[in-house]
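The structure under discussion appears below in the form of structure tokens.
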Amino acid sequence: MFSRWLRFLVVAPVVLFVFGAVMLSCGGGGGSSTANPSPGFSLASMTIADGAPPSPTFSATSTSSKTPKPTVTPTVTPRPAATSTTLSSSGPNAVPTGGTVAFNVIGTFVKKGSKPRYHDITAGPLTLWTSSDNSVLQAPPSGPQGGIYTTGDAGCVCILASSSGVSSQYVGVGVYEDVGTCPLCDPTPAAMPTPKGALAPAASGTPAPSARSAGVLMWTFDPGAELRGRIATGANGSIYFITRDGVLHGLNSAGKETMRRDADGSSPGLLPDGTVVAMSSKSELAAIGPDGATLWRVEIGASAGPLAATDRAIYASAGADLVSVSTSGSLNWRVSVGPVTTAATTPDGVVVGTSRGAVTALASDGAVVWMFTPDGGFSGSVAYADDVVYAGSAGGVVYAIDLRTGNPIWHVNSAHAVTTGPAVAPSGTIFAGSDMIYGISPDGQLRWKDPTLKPGEAGLFALGSDSVFDAATENVGAVLTGDGEYVWTSRSFGKITTAASSPSGMLYVGTSTGRIFAVR
């Protein structure tokens, strides 16, 4: 009798373990698997299969003779691998121009000392697809045979897949006609170049401030309510924002919520020392420490919250007044300039723009240095770089204005009112949007203009080095270089309402549902 119970106690756990492993490898009982692996697991490899459903035994088929078998690297921070799927212009796998390619992506997730687990991540909620091909803007929708990707021009469509913050190498999901003309899709990492305008593989560690976004999804966060206004970013990768349910949220660089407390207004501000400033009531500005405790409060009048902040002052619009508050919580001054919509700090003060009004520069003591009224009135936003103020106008002009005198240095005409930007990249390239996107050199020369992706209401956001994020119409997000080339485009976000970038090179995208995407 004892030996029978002993056999039961030994065999039963083994059977349950094997059953659980089979269920995980199949994605669960009868349902599709998810892109959210167990905590602590990292993506080790990816394999593309041409329209063939994933197999629990990981037997994927491909038309490429170079397709390697997936390998598992037993480390918590593995470097992912991917295959290149090629399809010829003739024969049973022919793909005509404008045709579609069905495919599946299977990810191998491993943890040190653990058995690898396979997940179909083709259409998972944590899988972000981007494309370096400007003619391919649509992310692959889910289908009975996996993802469906529409081909664009002759050649190949090279994409980058990422899940749980780890990206694949370049993957070719469709090659028709010139099969051998896709250097990005070479499955051999050592032979893979990184041409200008192409998606770059994810780099380990923290990139330099000059690094540009490669379109790799690092994490997402859902606060449960839509964002009210802008996202404030810190030097350490932390972000702060206010949602429509009146909650101020703080997240660290890994996307973990570190602060949640009541707040008013639409947008918070962030001081260099990490102190958060936001409206604690309709008319009271408050400073908040990292632990969420209130450090001080000051009455400033009805306001949407801070517009800009430095290590010396916080600037906010209250009715028709611009208000300056010291970082210790005392009111510095109040000047009537009209309803301010945008502001940019300068070495000795601030420059602001009022809707259909003037651009005004003020010194740190509140003295008005100059006022400049653009053609048709101010429109868009103001930006500052290297003693030059950049502003747009309702009359369709982008201006460069001397910070010291208020005199225009140069101007560039657009066909319609400037609605987004100017935004200035660290390299000096100026981006502005009206009927299309305009790229302007620091000396006022129009470098290029592109009507492909018209900026939407959310606007343009300068990134590191020489690039900009375009929150375009039709729910498209895109990163462009100073030469006007597309780094990547994606529809994976949904409707974009705001965006921001951090000094570490991270791009934060806020959507109408409240969800925030962190993209490297």
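Things worth noting here:
- One residue from 304, 293, 309, 286 being free of Cβ contacts under 8 Å to residues at least 24 places away in the same chain, in contact with a strand residue (DSSP E or B) (Cβ under 7 Å, 6 or more places away or on another chain) and not aromatic (Phe, Trp, Tyr): 286
- Strands (runs of 3 or more DSSP E) fully within segment 449-520 counting 1 or more residues that are β-branched (Val, Ile, Thr): 467-472, 476-481, 486-490, 496-501, 507-511, 516-519
- Candidates in segment 445-482 are the residues that are surrounded by fewer than 20 Cβ atoms within 10 Å (Cβ to Cβ), touching a strand residue (DSSP E or B) at 6+ places or on another chain (Cβ under 7 Å) and charged (D, E, K, R); of these, the one that is nearest to residue 509 (Cα to Cα) is 454.
- In segment 254-279, the residues that are at pLDDT 95 or above and assigned to a loop (DSSP other than H, G, I, E, B): 263, 271, 275
- Residue among 355, 379, 434, 393 that is surrounded by fewer than 16 Cβ atoms within 10 Å (Cβ to Cβ), hydroxyl-bearing (Ser, Thr, Tyr), within 29 Å of the chain's Cα centre (by Cα) and more than 22 Å from residue 277 (Cα to Cα): 355
- When the residues of segment 491-505 are filtered to those that are modelled with pLDDT under 90 and surrounded by fewer than 23 Cβ atoms within 10 Å (Cβ to Cβ), the one that is farthest from residue 251 (Cα to Cα) is 491.
The values are calculated or read from the model by the stated rules, or taken from the named source; none is laboratory data. Nothing here was measured: the structure is a model prediction, and the numbers come from that model. Here Cβ is always computed from backbone atoms with ideal geometry, including for glycine, and neighbour counts include all displayed protein chains.
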